[in-house]
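The values are calculated or read from the model by the stated rules, or taken from the named source; none is laboratory data. Computed from a predicted model, the values in this text were never measured in an experiment. Cβ placement follows ideal geometry from the backbone for every residue including glycine, while neighbour counts extend to all protein chains displayed.
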Amino acid sequence: MQNIYLNIYKPNSFNLKKAKKYIENCNIIGLPTETVYGLAGNAYSDKSVKKIYSLKKRPRVNPLIIHFKNLKDLKSDVILNSTFVKLYKAFCPGPITFILKKNPKSKISQIACGGKKTIAIRIPKHKIARKLLKILKVPLAAPSANISSKISPTSAMDVCDEFGKKIKFVLDGGRCKIGLESTIVDLTSRPTILRHGVITPKKIYKVLKKKILVNQKPKSITAPGQLNLHYSPGIPVYINKLEPRKGGAFITFGKKFKNDKNYFNLSKTGNLNEAASNLYKTMRYIKKLKFKSISVCKIPNVEFGRAINDRLKKASYS
Ligand code: AMP
Ligand code: MG
C-alpha cells in the first residue's frame, strides 16, 4: 500500500540539510514549532514569500511572522527598543511574536510585510526549528501551515492533510507542545497585545511592571486574523453550550461531564494548558468523524483560557 505521507521527514541531520536546500531553492516546507506547524520559506525572497501566500490562499494584506534564531540575527532587519529587549530576555526563545519598526536597511521581502513599515518577529523554541535556523543564512517567513481562515496544524500529518502533495517536504517534530498560536505584542507604540497566547498579559506585566493594553479589534481590519471568522474547523461551532446539537459533537472541559461517544474532553483535570494543546487536534478529529457541528462548553476566561476563548469565538462566527 502506498504511504500517503511520503513527504514527512524525520528531523535527522541529513534531512535538515535537505530542508536547507529546499529553502535555498525558494521552496516551501512544513516546519514544527512549539506553538503550531508553520509553512516556512526564505523571508528575504519575494519568490518564496509569494509561494506561501498562494499555498495558503492568504490575502496579501495579511503580513507574515518572520522567524529568527536570536537577537543578533534580527538587528539588521528591525529597530530594537528597550521594551523589546526586556521581553526578549524574559520570554525568548519562546511562543511570543513582536511587531517592531522595520530597519530601513532590512532585506525582508516587502511582500512578507504586507507593504507595512513594521515586521512581526519571533524566535521559536522548538529544537528542530532552531536547528534549521542555525544552519540557514536567512530568516524564515512562517505563518501557520493551514489554508487561510482554517485551524492551525499541530502535527506533521495535519500539514499533509491540509496541503496534500502541494507540500513536498514536512519536517516531523512530533505534536506541538503548546498547540495554539503565539501571543502577538505590538511594540511600535504603547505595548499592546494583538492576539492572546500562552504568554499572558499577567506574565508580561510581571516583566514590564506596567499594565499592557489588549486590542484584538483594531479600527481598520486589514488581516484575516482580525476578521471575525478564523480558526474554523469547517463545520459550525457553537460556544458556551451545555450539550451538543443533534448529530453534533460536544467539546468539554473538567471532570463534571459524562463520557459519551460524541463527547470530547479537552482536560479532565481542568488544566488550561492541556486543553489548549488538545483544542485543534480535537476539532480536526471531530471533523474527520463527520459530525455535523461542534458545541463547546464554557471554558474559564482566565490565563491561557483567554487564548482558547479568543480562537473559539472566531471559529464560531457565522
Ligand atoms: P498569523 O500568520 O495568522 O499567525 O497572523 C500573524 C498576524 O501578525 C497578522 O495577522 C498580523 O496581525 C500580525 N502581523 C504580522 N506581520 C506584521 C507586520 N509586519 N506588521 C504588523 N502586524 C503584523
Ligand atoms: Mg495562522
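Miscellaneous remarks
- For Val159, the conditions (1) in contact with a strand residue (DSSP E or B) (Cβ under 8 Å, 6 or more places away or on another chain); (2) surrounded by fewer than 21 Cβ atoms within 10 Å (Cβ to Cβ) are fulfilled apart from (2).
Results for (1) farther than 24 Å from Pro191 by Cα; (2) aliphatic (A, V, I, L, M); (3) more than 16 Å from ligand 2 (Cβ to nearest atom), shown as yes or no for each residue.
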site	(1), (2), (3)
Ile108	no, yes, yes
Ile111	yes, yes, yes
Gly115	no, no, yes
Ala120	no, yes, no
Lys127	yes, no, yes
Leu133	yes, yes, yes
Val138	yes, yes, yes
Ala141	no, yes, no
Ser152	yes, no, no
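- Looking across Ile128, Ile184, Ile119, one residue alone is at pLDDT 95 or above and touching a Gly at 6+ places or on another chain (Cβ under 7 Å). It is Ile128.
- Conditions (1) under 30 Å from Pro11 (Cβ atoms); (2) modelled with pLDDT of 95 or more: number failed by Tyr205: (1)
- Qualifying positions in segment 36-94 - among the β-branched types (Val, Ile, Thr) and either within 16 Å of ligand 2 (Cβ to nearest atom) or surrounded by fewer than 20 Cβ atoms within 10 Å (Cβ to Cβ) (or both): Val36, Val49, Ile52, Val61, Ile65, Ile66, Ile79, Thr83, Val85
- Per the conditions (1) free of Cβ contacts under 8 Å to residues at least 60 places away in the same chain; (2) within 10 Å of ligand 1 (Cβ to nearest atom), the sole criterion not satisfied by Arg122 is (1).
- Residue check for Ile212: more than 16 Å from ligand 2 (Cβ to nearest atom), among the β-branched types (Val, Ile, Thr), modelled with pLDDT of 95 or more and touching a helix residue (DSSP H, G or I) at 6+ places or on another chain (Cβ under 8 Å): no
- Residues being under 30 Å from Leu71 (Cα atoms) and part of a helix (DSSP H, G or I) - total across segment 134-167: 4
- Filtered by the rule that a residue be farther than 30 Å from Lys10 by Cβ and either among the small types (Gly, Ala, Ser) or within 12 Å of ligand 1 (Cβ to nearest atom) (or both), segment 75-108 gives Ser76, Asp77, Val78, Ser82, Ala90, Phe98, Ile99, Leu100, Lys101, Lys102, Ser106, Ile108.
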